[in-house]
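Visitor: Here it is: the structure, laid out below.
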């Protein structure tokens, strides 16, 4: 990449690091998780809405898994998943008020990269297990009838237990972002809103050239259709 091409990626607001499809995914997942939590606590009359939030989360995680393979540079798993040595070094650096060598990571750091994978795994576990469970009274997931009662009970236990781990992971994510903002003086929220960071001349070439929005739209459409078919072609649930 030439210096001129690198400069085209940058403006007064910074250089493009997080693409638009990834940012939409991030905030849509946050809304989905919040909606799932509220409707789970609101009572059985909100169960259908709770299911819809669950289907949305399933689609969002499926999109992110695909985007992690074919998305922009900093969204791809192979570009931010590091080995144990880098993760341990990142853990040692976390309590300090300044980033290592005075330079922060462009995209996910070693610790943040694996933390995002853990969060994706927890949400996927939550969404998939919800397809098979039942409250034994009014509602059942679309695939409850294809598993045995013992397996459905286990998945129900997993669904409720995993949600506690998911809440803990979200709380830890929030605390980490707050620490970066107040302790390390690095705003991680703004780049996830605007997609841009101030990288400096030496790092301009690490910016991405565009959002690959059309590619993201195609993948989102494919995932939405797949989730719709998974739900609508399921056997009729057994209501009680």
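The values are calculated or read from the model by the stated rules, or taken from the named source; none is laboratory data. On a predicted model such as this, the values are computed, not experimentally measured, just so you know. As a convention, Cβ positions derive from the backbone with ideal geometry for all residues, glycine included, and neighbour counts pool all protein chains shown.
Visitor: Go through the stretch 39-62 residue by residue and tally those that are without any contact (Cβ under 8 Å) to a residue 40 or more places away in the chain and surrounded by fewer than 17 Cβ atoms within 10 Å (Cβ to Cβ).
Guide: 7
Visitor: Among the residues of the stretch 221-236, which ones are surrounded by fewer than 14 Cβ atoms within 10 Å (Cβ to Cβ), touching a helix residue (DSSP H, G or I) at 6+ places or on another chain (Cβ under 9 Å) and assigned to a loop (DSSP other than H, G, I, E, B)?
Guide: Residues satisfying the conditions are 235, 236.
Visitor: Now for a separate question. Name the one entry in 180, 154 that is buried (at least 18 other Cβ atoms within 10 Å of the Cβ) and free of Cβ contacts under 8 Å to residues at least 12 places away in the same chain.
Guide: Of 180, 154, the one residue that is buried (at least 18 other Cβ atoms within 10 Å of the Cβ) and free of Cβ contacts under 8 Å to residues at least 12 places away in the same chain is 180.
Visitor: Here is a list of conditions, (1) farther than 21 Å from residue 166 by Cα; (2) not in a helix (DSSP H, G or I), and residue 45 meets all of them except one; can you say which number that is?
Guide: Only one criterion in (1) farther than 21 Å from residue 166 by Cα; (2) not in a helix (DSSP H, G or I) is unmet by residue 45, namely (2).
Visitor: Same structure, new question: Mind checking which residues of the stretch 186-208 are at pLDDT 90 or above and surrounded by fewer than 15 Cβ atoms within 10 Å (Cβ to Cβ)?
Guide: Matches in the stretch 186-208: 187, 189, 190, 193, 194.
Visitor: Could you check how many residues of the stretch 74-99 are touching a residue at least 24 places away in the same chain (Cβ under 8 Å), outside any loop (DSSP other than H, G, I, E, B) and loosely packed, with under 13 Cβ neighbours inside 10 Å?
Guide: The qualifying residues number 0.
Visitor: Only residues that are loosely packed, with under 14 Cβ neighbours inside 10 Å and closer than 18 Å to residue 90 by Cβ: list them for the stretch 168-177, please.
Guide: Answer for the stretch 168-177, where residues must be loosely packed, with under 14 Cβ neighbours inside 10 Å and closer than 18 Å to residue 90 by Cβ: 172, 175.
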